[in-house]
1. Could you check, for the stretch 63-79, whether at least one of its residues is part of a helix (DSSP H, G or I) and in contact (Cβ under 8 Å) with a residue 60 or more places away in the chain?
2. Anything in the stretch 121-160 that is in a helix (DSSP H, G or I), aliphatic (A, V, I, L, M) and more than 21 Å from the chain's Cα centre (by Cα)? List them, or say none.
3. Here are some conditions: (1) modelled with pLDDT of 95 or more; (2) part of a loop (DSSP other than H, G, I, E, B). V43 meets all but one. Which one does it not meet?
4. Return yes or no: is R59 charged (D, E, K, R) and without any contact (Cβ under 8 Å) to a residue 40 or more places away in the chain?
5. Outside any helix (DSSP H, G or I) and modelled with pLDDT under 95 - does that describe any residue in the stretch 101-117?
6. Taking V58 as meeting all but one of (1) over 20 Å from I23 (Cβ atoms); (2) at pLDDT 95 or above; (3) β-branched (V, I, T), write down the number of the exception.
7. In the stretch 116-150, what count of residues is obtained for those that are small (G, A, S), closer than 16 Å to T66 by Cβ and in contact (Cβ under 8 Å) with a residue 60 or more places away in the chain?
8. Restricting to the stretch 1-39, what's the tally of residues that are small (G, A, S) and open to solvent by 40 Å² or more (accessible area, probe 1.4 Å)?
Amino acid sequence: MLVLAGWTFLNVTVAWGYIAAVIVFEFWLLRAIAAGGSAPVAVGEAPYHFSEAEADLVRRYRFYFTYPARARQASSVLAALGLTALVLAPWLTYKQAFLQAIVIGVNLFAVARLTRAVAPLMALRIAASRADREALRLLEAHDPAWSKIRAGNEPPRENQ
């Protein structure tokens, strides 16, 4: 992505390749998020024994909890996309490639939405700082949920 963004500075027509690569990545990520499902998470059942708030948090951000490494990598790519879009949109406007600039600029909304899905902590912290009780409740459930997931995924120990 960064290479395509760099080439776009040298040749404006490469912006279409950048846009195509961004769209392919975003559709892949949407498909991966949707594959996680949105079914309710069991409250109080083995092996995790989630509370109501923890189960709600895991249900809302299932991709983040199911595939943490993939979510971390996707959030890095989304951050790069957002930063390159902030630079490319004005540059393409200056080069009078208005259609490409508009498409890349509007894509920032998709990047923001996907970032909230794969890396929810920052969005929850911002909402909690604005006195959003639901975000505060979910933020408080984050660390206990991860503790229960780690404990539930550990292999059983043999008693000796």
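1. Here is the first cut: in the stretch 63-79, the residues part of a helix (DSSP H, G or I) are 63-66, 68-79.
Subsequent filtering for residues that are in contact (Cβ under 8 Å) with a residue 60 or more places away in the chain retains 65, 77.
Yes, the stretch 63-79 contains a residue that is part of a helix (DSSP H, G or I) and in contact (Cβ under 8 Å) with a residue 60 or more places away in the chain.
2. Restricting attention to the stretch 121-160, the residues satisfying the condition of being in a helix (DSSP H, G or I) are 121-129, 133-153.
From the residues that got through so far, the ones that are aliphatic (A, V, I, L, M) too are 121-124, 126-128, 135-136, 138-139, 141, 145, 149, 151.
A151, the sole residue that qualifies.
3. Only one criterion in (1) modelled with pLDDT of 95 or more; (2) part of a loop (DSSP other than H, G, I, E, B) is unmet by V43, namely (1).
4. Values: charged (D, E, K, R): yes; without any contact (Cβ under 8 Å) to a residue 40 or more places away in the chain: yes.
Yes; evaluated as a whole, the condition is true for this residue.
5. Applying the first criterion (outside any helix (DSSP H, G or I)) to the stretch 101-117 yields none.
Within the stretch 101-117, not a single residue is outside any helix (DSSP H, G or I) and modelled with pLDDT under 95.
6. Looking at each condition in turn, V58 falls short on (2).
7. Here is the first cut: in the stretch 116-150, the residues small (G, A, S) are 117, 119, 123, 127-129, 131, 135, 141, 145, 147.
Okay, now just the ones that are also closer than 16 Å to T66 by Cβ, so 117, 119, 145.
From the residues that got through so far, the ones that are in contact (Cβ under 8 Å) with a residue 60 or more places away in the chain too are 117, 145.
Selection size over the stretch 116-150: 2.
8. First, the residues of the stretch 1-39 that are small (G, A, S): 5-6, 15, 17, 20-21, 32, 34-39.
Retained after the next criterion (residues that are open to solvent by 40 Å² or more (accessible area, probe 1.4 Å)): 20, 34-35, 38-39.
The total comes to 5.
The values are calculated or read from the model by the stated rules, or taken from the named source; none is laboratory data. From a predicted model like this one, the values you see are computed outputs, not experimental measurements. Backbone-built Cβ (ideal geometry, glycine too); neighbour counts: all protein chains shown. Note: accessible area is taken over every heavy atom of the protein model, side chains too, but ligands, DNA and RNA are not part of it. Shrake-Rupley method; radii C 1.70, N 1.55, O 1.52, S 1.80 Å.
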